[in-house]
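So the structure is just underneath, and the comments pick up after that.
Just so you know, all these numbers are worked out from the coordinates, no wet-lab data involved. From a predicted model like this one, the values you see are computed outputs, not experimental measurements. All Cβ positions, glycine included, derive from the backbone under ideal geometry; neighbour counts span all protein chains shown.
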Amino acid sequence: MRLAATLLAILTLTMGSAFASGDDCALARWRQTVDQLEQIRAQAQVAGLALLVVGPDRVVCVAYRGLADRASGRAVDSRSWFRVGSISKSFTALGALRMAEAGQLDLRAPLAGVIGDLAPDNPWAPTHPLNLGQLLQHSAGLADMSGTEFDYPNQGQLSLVQALAIRPQSRALRWPPGLHTSYSNSGAGLVGLAMERAGGEPFEALMQTHVLEPLGMVEASFERSALVGEHLVTAYNSDGHSVIPYWHIIYRPAGGLNLRPAMMAPFLQMLLREGQTDNGSFLS
């Protein structure tokens, strides 16, 4: 289902010395970009948007346009929280990589040895065992999650173990791991469970320790906390007006992350700096 929900637009641009100083969004270059996005927003009946542009060493432009909630007339501003959807998978992957660098996870080890019976059925296991690296690359041989999993009436209380017990046959591998690329939300759920088994803590706590806190994103949350609920923008369907309730996706590692747009800056800058942050090496 296509969502004309409140839009989070994030541009990551590598800036040279010519942009080491300036007037942020006041520069004609960024005014034009913001104006173009505003035109698209209005034409598509998207309620509101936020734009974040960063360079390796500074935030270049942050802009907010439109409404966070049509009914109340609340505007999108620096206090607005967004559900970033599948960008969550990038953070989950960072968590797994950080745990691998710390010696807690082996990305090449057979997944069945980490999560046991909850590993997908793999007819090719003797010659092609499934591993975490393949899950992260979407080359595991998984289809995407089933309609039963997608529509499951979850209120945010399901653990990953409980979520993976829902229609496990949908995760039977379609072909030998590593043979093809096929996008899968349930694969991120399996990565999250492997992190829990290796780290001995819930996925959300591990993400705080290994990713969010080191990047200075301590308020970002994979759950609908009270703070998130108070400031989260309202999602709308493709007509731009029908409200879509908050979706407690059963695999939070795949799409559950909530944050304010400005929180993304250190994450994006770490990528632009090839794993380095102001506090040193985040990922080698």
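So here's what we get for this one:
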| item | result |
| --- | --- |
| Amide hydrogen neighbours beyond the local backbone of residue 282, cut-off 5 Å, H modeled | 276, 277 |
| For the chain, built as a Gaussian network whose Cα springs stay under 10 Å, the top-fluctuating residue of 50, 205, 68 | 205 |
| Gain in span if fully extended, residue 127 to residue 29, counting 0.36 nm per residue against the direct Cα distance | 29.9 nm |
| Extension gain (nm, one decimal) between residue 213 and residue 151, 0.36 nm per residue minus Cα-Cα | 19.1 nm |
| Length-normalised contact order of the chain in % [C-alpha pairs under 8 Å, at least 6 apart] | 26 |
| Relative contact order for region 27-67, counting Cα pairs under 8 Å that sit 6 or more residues apart, in percent | 33 |
| Pairwise label distance in nanometres, residue 174 with residue 247, each label 7 Å out on the Cα-Cβ vector | 1.9 |
| Kirkwood Rh in Å, taken over the chain so that all alpha-carbon pairs contribute | 20.1 |
| Rg/Rh for region 182-225, where both radii come from Cα atoms and Rh is the Kirkwood radius | 1.01 |
| Whole-Hz ³J(HN,Hα) from phi, Karplus 6.51 cos²θ - 1.76 cosθ + 1.60, for region 224-239, glycine and proline x | 8, 6, 4, 5, 4, x, 6, 10, 5, 5, 7, 8, 10, 6, 5, 7 |
